[in-house]
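Below is one structure, written out as structure tokens, with a few remarks after it.
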Amino acid sequence: MKARMPTTSIPGISLPVSRLVQGCMMLSEANLEGGMALLDAAAELGVNAFDNAYVYGGGQCERVLGSWMQARGNREKSVVITKGCHPTSPSARVTPEAMQSDLEESLVRLKTSYVDLWLFHRDDPSQPVGPLVEQADRLKRAGKLRAYGGSNWSVPRIQEARAYAERHGLAPMVASSPHFSLAEQIAPPWGGCTSLAGSKSAEDRRWHEVSGVAVFAWSSLASGFLSGRIRRDNFEAIKSEFPEHCARTYASETNFQRLERLVDLAKKKECAVPELALAYVVNQKFSCFAVCGAVSSAEVASSVRAVNLSLSESELAYLETGA
């Protein structure tokens, strides 16, 4: 029997959103057929949400997703998430003007008149939130986006943006996309990144519980640290097979202990290590979606099994602290 795909509703988005989100960074026009087959596999298994960005692949990732939706005639069945305002140049990019231009070009690439969820790809705390919220509200009223949020925005900045929207009767941010996984970051992989992982972010996670702001977690497998391939005794030998930031971002004693508990519990629950790592993400008290960069139908199927795994509070606590 095919596994059920759990979904959650997000204000402004008409479709219930699959808790597993297929990342689109691996899509390329050079392998259009393979990319469309991957998206077919994800959709067949119940994934209806697809994460993209203006900067991914110089635009080709959005173009492949747009071509797939056009060819399959499934735009109204798909939740399109894309991001803009990434600081790709020294000039300010988290601005109303960049938001407008990036979104307009994304719509052309995606072959659609609207995106379901648009995210600021980075934040620039030197920019006031008011004009950004006002522009997002204008674009929402124009029908070009259904909902918006921030990727790599801190909780205080999201709170500030939501408070501004409330004071002025404007559409608020409804989603955040930080790093979140069982592994805590000891250093950011790239500049301007935020994370909800670890004890230092406990208050931020509680705020998400209370506010209802959805979390779209990137790097749920910690750049491969939680993939099941890495062990304490083989890490030095195989770390070059993973992204260069895997070691400097996740290779701490605390994370190796968490990894060992993950392996232990996966054996007891008779599931794969990366499946249990993804299950940890979607079994939180706050509304959390796992953004996964599956590159094959087998990986999609594994991720679907993961989001159907239930973890008790005691199992979550064991993974986090060993308690």
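The values are calculated or read from the model by the stated rules, or taken from the named source; none is laboratory data. For clarity, every value in this text was computed on a predicted model and none was experimentally measured. FYI the Cβ positions are ideal-geometry reconstructions off the backbone, even for glycines, and counts take in every protein chain you see. Accessible surface is based on the protein model in full, side chains and every heavy atom, while ligands, DNA and RNA are left aside. Shrake-Rupley method; radii C 1.70, N 1.55, O 1.52, S 1.80 Å.
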query: Within the set 200/267; 144/285; 200/285; 83/111, which residue pairs have Cα atoms separated by over 24 Å?
result: 200/267; 144/285
- line: Cβ-Cβ cut-off under 14 Å around residue 293, Lys and Arg +1, Asp and Glu -1: the net charge is -2
query: When the Cα centres of region 100-169 and region 71-86 are compared, how far apart do they sit, in Å?
result: 16 Å
- prompt: Which length gain, in nm to one decimal place, applies between residue 32 and residue 104 when the Cα-Cα distance is subtracted from 0.36 nm times their residue separation?
  reply: 23.6 nm
task: List the equivalent ellipsoid semi-axes of region 89-236 in whole Å, largest first, each obtained as the square root of 5λ for an eigenvalue λ of the Cα gyration tensor.
output: 30, 18, 14
message: Rounded to the nearest percent, how much of the accessible area of region 229-323 (1.4 Å probe, protein heavy atoms only) is carbon and sulfur?
response: 51 percent
field: Projected area averaged over orientations for region 62-166, convex hull of C-alpha atoms, nm²
entry: 6.7 nm²
field: Net charge dipole size for region 42-88 [Lys, Arg +1 and Asp, Glu -1 on Cβ; Debye, nearest 20]
entry: 80 debye
field: Amide N of region 293-323 lying under 14 Å from the label point, which is placed 7 angstrom from the Cα of residue 268 along Cα→Cβ
entry: 311-323
- line: Over the chain, the quotient of the Cα radius of gyration and 2.2 N^0.38 Å is 0.96
- prompt: What FRET efficiency comes out for the pair residue 88/residue 14, r = Cβ-Cβ distance, R0 = 30 Å, nearest 0.05?
  reply: 0.40
- request: Mind checking the per residue accessible area of the chain for me, 1.4 Å probe, whole number of Å²?
  value: 42 Å²
- prompt: What is the distance, in nm, between label points placed 7 Å from the Cα along the Cα-to-Cβ direction at residue 154 and at residue 71?
  reply: 4.5 nm
- line: If every Lys and Arg gets +1 and every Asp and Glu gets -1 at its Cβ, then about the Cα centre the chain yields a dipole, in debye to the nearest 20, of 520 debye
- request: Could you please state how large a percent of the accessible area of region 17-74 is carbon and sulfur, counting protein chains only and using a 1.4 Å probe?
  value: 49 percent
task: Quick one: work out the % antiparallel among DSSP beta bridges in the chain, nearest 5.
output: 5 percent
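Could you compute how fast region 1-128 diffuses translationally, taking Rh as the Kirkwood radius over C-alpha pairs and applying Stokes-Einstein at 20 °C with viscosity 1.002 mPa s? Give it in µm² per second.
D = 141 µm²/s.
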- prompt: What's the local net charge at residue 268, with K and R +1, D and E -1, over the other residues with C-beta under 11 Å away?
  reply: 0
- prompt: Hey, which lysines would be in cross-link range of residue 269, C-alpha to C-alpha under 20 Å, not counting anything within fewer than 8 residues on its own chain?
  reply: 2
field: Lys, Arg +1 and Asp, Glu -1 on Cβ, resulting dipole of region 259-308 about Cα centre, debye, nearest 20
entry: 180 debye
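Work out the P(r) tail for region 241-286: percent of alpha carbon pairs separated by more than 15 Å, whole number.
When every Cα pair of region 241-286 is considered, 56 percent fall beyond 15 Å.
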message: How much length would be gained if the chain were fully extended between residue 138 and residue 203, taking 0.36 nm per residue of separation minus their Cα-Cα distance, in nm to one decimal?
response: 20.2 nm
query: Could you give the semi-axes, largest first, of the ellipsoid that matches region 216-310, computed as the square roots of 5 times the alpha carbon gyration tensor eigenvalues and rounded to whole Å?
result: 21, 15, 13
